[in-house]
Amino acid sequence: MDMSNIDGYWHDSIELDYVYTLGVAGERFFREALNGRIMASRCDECNRAYLPPRLYCSRCFKRLDKWVEVEKSGILYSYTYVNGNSDDNDSYNDGCTAYALVRFNGVDGGLICKVINKIKDLKIGVTVAVDLKVKDDGMVEFVAEMDVGK
Ligand SMILES: [Zn+2]
């Protein structure tokens, strides 16, 4: 530990390690994802489902105990490109990776997904197939695929 006051101030560092929990809804969401299911919490009074799921409805504040499976087909709502090598090196276009916000019919919110094909041809509003991969380190990655079945 180097504690000095060369310029009239104490210079030192404090190591800060944080561990964030997923929370109750987040933990269930990721446990379901490990089994291949994308789940949303649902409020029957407001007729809304939430993704990422939450424990309370933001409209009526009712506790949400009902969960519904989300169809793995959504609409590309927005996207961005990230330059640089991805950690799993499966992108093309000179290390450029595309990430998309995908929204689902009848669901508030959406998922950020890595686009796995045709990243040069992304268009807002197109239908994409969404799936998930469990990576070697146990992390869940949501992926979107353009033009499935064409
Ligand atoms: Zn509600």
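Under 5 Å between amide hydrogens, which residues at least 5 positions from residue 128 or on another chain qualify, with H placed 1.01 Å from N in the peptide plane?
Long-range HN contacts for residue 128: 74, 75, 76.
Would you calculate, for the chain, the mean residue ellipticity at 222 nm contributed by helices, counting each DSSP H stretch of 4 or more residues as -39,500 (n - 2.57) and dividing by all residues, to the nearest 500?
Using -39500 (n - 2.57) per qualifying helix, the result is -2500 deg cm²/dmol.
Tell me, what ³J(HN,Hα) does each residue in region 28-44 have, in order and in whole Hz, if you take phi through Karplus 6.51 cos²θ - 1.76 cosθ + 1.60 with θ = phi - 60° and put x for Gly and Pro?
Values, residue by residue: 5, 4, 6, 5, 5, 4, 4, 9, x, 10, 9, 10, 10, 8, 9, 10, 6 Hz.
Name the long-range amide H neighbours of residue 79: under 5 Å, sequence gap of 5 or more, or other chain; modelled H, no Pro or chain starts.
101
Within the chain, count lysine pairs with alpha carbon atoms under 15 angstrom apart where the residues are 8 or more positions apart or belong to different chains.
6
Loop only by DSSP, 14 or fewer other Cβ within 10 Å of the Cβ. Give me the GluC sites (Glu not before Pro) in region 19-87 that pass, ordered by residue number.
Qualifying residues, ordered by number: 45, 71.
Compute the distance in nm between two label points, each set 7 Å from the Cα along the Cα-to-Cβ direction, one at residue 145 and one at residue 12.
So the two model labels end up 5.6 nm from each other.
What shape does the chain have by the C-alpha gyration tensor, where a ≥ b ≥ c are the square roots of the eigenvalues, rounded means a/c under 1.5, and otherwise prolate means a/b greater than b/c and oblate the rest?
Cα axes put the chain in the oblate bin.
Hey, what do the phi angles of region 105-119 turn into as Karplus ³J(HN,Hα) couplings, whole Hz, using 6.51/-1.76/1.60 and θ = phi - 60°, x for Gly and Pro?
After applying 6.51 cos²θ - 1.76 cosθ + 1.60, I find 4, x, 10, 7, x, x, 10, 7, 10, 7, 7, 9, 8, 6, 5 Hz.
Please list, in chain and number order, the residues 5+ apart from residue 117 or on another chain whose amide H is under 5 Å from its amide H, with Hs placed from the backbone.
146
In debye to the nearest 20, how big a dipole does the chain give about its Cα centre with +1 on each Lys and Arg Cβ and -1 on each Asp and Glu Cβ?
Dipole of the chain, to the nearest 20 debye: 1160 debye.
None of the figures in this text is laboratory data; all of them are computed from the coordinates on show. What you see is a predicted model, and the numbers here were worked out from it, not measured in a lab. Neighbour counts are summed over all protein chains in view; Cβ atoms, including those assigned to glycine, are modelled from backbone coordinates with ideal geometry.
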